[in-house]
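J.: Mind looking over this structure? Questions follow.
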Amino acid sequence: MRDENCIFCKIASGEIPSTTLYEDGDFRVIFDLAPASPGHLLILPKEHFADLLELDEAVAAKLLPLSARVARAMKEALSCPGFHLVQNNGEAAGQTVRHFHMHIIPRYGKEELLLWKPGECTEEERAELCRRIGEKLQ
Ligand code: AMP
Ligand code: ZN
């Protein structure tokens with residue numbers, strides 16, 4: 001399935017050219033045009049899924065092995081001691097392109113990391129949150 005208005009559908013299909021690191025029947029791996037660090041990659045499924053909640057399970061099952069394969073090559077080639085896998089879902093979480101994508105972001109050990117600020121939570125609050133989410137878990 002494809003969304004005619006989706007830029008990542010066009011990139012994944014090759015209609016819009018990109019610097020492609022890897023491609024197979026399910027995915028295209030490209031370089032982010034506004035990289036968080038040198039070598040920042042995006043794994044795009046070729047089919048259109050808006051986010052993780054829409055992602056086909058068979059595609060999802062291939063995603064983590066591919067992420068590890070690409071990250072291993074990236075670590076070796078770029079000598080980055082660490083990396084992030086980041087995947088944003090929804091505008092509130094910073095998703096700007098509504099076509100599922102996995103970021104692979106190399107970390108060289110010198111960057112300021114601003115993923116989140118550790119907060120606080122009581123045991124009672126945790127228990128209440130656990131109860132509410134647990135009720136919905138299928
Ligand atoms: P997200 O905020 O998780 O939706 O990430 C979208 C990412 O896509 C951002 O890091 C952008 O820099 C990147 N991006 C947007 N348009 C393009 C494009 N045409 N080619 C490569 N990367 C892009
Ligand atoms: Zn798309």
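J.: Do any GluC sites (Glu not before Pro) in the stretch 35-89 lie in a DSSP loop with no more than 15 other beta carbon atoms within 10 Å, and if so, which? Walk me through the numbers before you get to the answer.
T.: Details: sites: Glu47, Glu54, Glu57, Glu76; in loops: Glu47, Glu54.
Loop-located and lightly packed - Glu54.
J.: Would you compute, from DSSP H runs of 4+ residues alone, the mean residue ellipticity of the chain at 222 nm, taking -39500 (n - 2.57) per run and dividing by the full residue count, rounded to the nearest 500?
T.: On the way: 3 runs with 43 residues, N = 138.
One gets -10000 deg cm²/dmol as the mean residue ellipticity at 222 nm.
J.: Which are the unpartnered cysteines of the chain, meaning those with no other cysteine Cβ under 4.7 Å from their Cβ?
T.: Cys80, Cys121, Cys130 - these cysteines have no disulfide-compatible partner (Cβ-Cβ under 4.7 Å) in the chain.
J.: While we're on this one: Roughly how many debye, to the nearest 20, is the charge dipole of the chain about its Cα centre, given +1 on each Lys and Arg Cβ, -1 on each Asp and Glu Cβ, and no other charges? Before the final figure, lay out each step's value.
T.: On the way: 16 positive and 22 negative charges, 93 e Å.
The calculation lands at about 440 debye.
J.: Considering amide H positions built from the backbone, and no H for Pro or chain starts, which residues 5 or more places from Leu21, or on another chain, come under 5 Å of its amide H?
T.: Long-range HN contacts for Leu21: Val29, Ile30, Phe31.
J.: Given the peptides 31-42, 123-134, arrange them by the average over their residues of other C-beta atoms within 10 Å, most packed first. Walk me through the numbers on the way to the answer.
T.: Values: 31-42: 15.2, 123-134: 9.3.
The packing order, highest mean first, is 31-42, 123-134.
J.: Okay, moving on. Working from Cα positions, state the angle (0 to 90°, nearest 10) between the long axis of helix 123-136 and the longest principal axis of the chain.
T.: So the helix axis and the longest Cα principal axis differ by about 60 degrees.
J.: So, one more: Provide the per-residue ³J(HN,Hα) series for the stretch 82-95, in order, calculated from phi with Karplus coefficients 6.51, -1.76, 1.60 and θ = phi - 60°, each as a whole number of Hz, with x at glycine and proline positions.
T.: x, 7, 9, 9, 10, 8, 8, 10, x, 4, 5, 9, x, 6
J.: Same structure again: Any idea which of Ala50, Ala60, Gly134 is furthest toward the positive side of the dipole for the stretch 7-136, if Lys and Arg beta-carbons carry +1 and Asp and Glu beta-carbons -1?
T.: Of Ala50, Ala60, Gly134, it is Ala60.
J.: Calculate what fraction, in whole %, of the accessible area of the stretch 7-136 sits on carbon and sulfur atoms when a 1.4 Å probe is rolled over the protein chains. Write down the numbers at each step before the final one.
T.: Values: 4880 of 8550 Å².
Ligands and nucleic acids excluded, carbon and sulfur reach 57 percent.
J.: I need the phi-derived Karplus couplings for the stretch 24-41: 6.51 cos²θ - 1.76 cosθ + 1.60, θ = phi - 60°, integer Hz, Gly and Pro marked x.
T.: Whole-Hz 3J(HN,Hα) from phi for the stretch 24-41: 9, x, 9, 9, 10, 10, 10, 8, 5, 6, 10, x, 5, 7, x, x, 4, 10.
The values are calculated or read from the model by the stated rules, or taken from the named source; none is laboratory data. Bear in mind the structure is a predicted one, so any value in this text is a computation, not a measurement. Ideal geometry is used to build each Cβ from the backbone, glycine not excepted, and the neighbour counts take in all protein chains shown. Side chains included, ligands, DNA and RNA excluded: accessible areas come from the protein's heavy atoms. Shrake-Rupley method; radii C 1.70, N 1.55, O 1.52, S 1.80 Å.
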